[in-house]
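The values are calculated or read from the model by the stated rules, or taken from the named source; none is laboratory data. Note that the structure is predicted; figures quoted are calculated from it, not measured. A quick note on method: Cβ atoms are made from the backbone with ideal geometry, for glycine too, and the neighbour counts reach across all protein chains shown. SASA here: full protein model, heavy atoms, side chains in, ligands and nucleic acids out. Shrake-Rupley method; radii C 1.70, N 1.55, O 1.52, S 1.80 Å.
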Amino acid sequence: MSIQKATLNELNFLTELFDSYRVFYKQDSDIEGARAFLKERLINEDSVVFIAYDESSPVGFVQLYPTFSSVGMKKSWILNDLYVNASARKKGFGEKLIKKAIEFAEETGAKGVSLETGHDNVTAQRLYEKIGFKKESNYFYYFSL
């Protein structure tokens, strides 16, 4: 098992994983759209992506987006996407990817890593809490178009 920061060299592997991730979340498969989206993120350094490998086969990824804390005057990272192929689940890849994201945040002097998940995604919630994430209870989050 290894984790590697994605570059344009891994775009093909990453595109397949990202498309599978979107399909998992009930989106239509769109390989070309996924490739274009990821390529733009990597070229513009809009996000940081780590890929997990089982031997030499890519099996999962985590994507982080930067944000900033004005009060703390520091960068923070949003763990926006986490995906592991069904065949590689329950083998520790998800945990390793999350820990790599946290390690990266520490290396970049960030305030922390935030994430969100569905109320019904109890499997993910257990993993996040096992790693040390705390459920936010002091704030409400709102969304608008």
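Couple of notes before you dig in:
- Annotation: average projected area of the chain is 9.7 square nanometres, based on the convex hull of Cα atoms across all directions.
- Over the chain, relative contact order from alpha-carbon pairs under 8 Å, at least 6 apart, %: 19 percent
- GluC sites (Glu not before Pro) restricted to DSSP loop in segment 95-140 with at most 12 other C-beta within 10 Å: Glu116, Glu136
- Computed from Cα positions, the angle between helix 122-131 and the longest principal axis of the chain comes to roughly 70 degrees.
- Principal-axis tilt of helix 11-24 within the chain, Cα atoms, nearest 10 degrees: 70 degrees
- Amide H to amide H distances under 5 Å link Gly92 with no residue, where only residues 5 or more positions off or on other chains count and H is placed in the peptide plane.
- Protection proxy ranking of 17-23, 42-48, 54-60 - average other beta-carbon atoms within 10 Å, highest first: 17-23, 54-60, 42-48
- Entries of Lys26/Lys96; Lys5/Lys134; Lys99/Lys134; Lys111/Lys135; Lys39/Lys91; Lys75/Lys130 with Cα pairs more than 22 Å apart: Lys26/Lys96; Lys5/Lys134; Lys39/Lys91; Lys75/Lys130
- Note on the chain: helix-only mean residue ellipticity at 222 nm, from DSSP H runs of 4+ residues weighted -39500 (n - 2.57) and normalised by residue number, equals -11500 deg cm²/dmol.
- 0 to 90° range, to nearest 10: angle between helix 31-44 axis and the chain longest Cα axis: 50 degrees
- Whole-percent carbon and sulfur share, accessible surface of the chain, 1.4 Å: 51 percent
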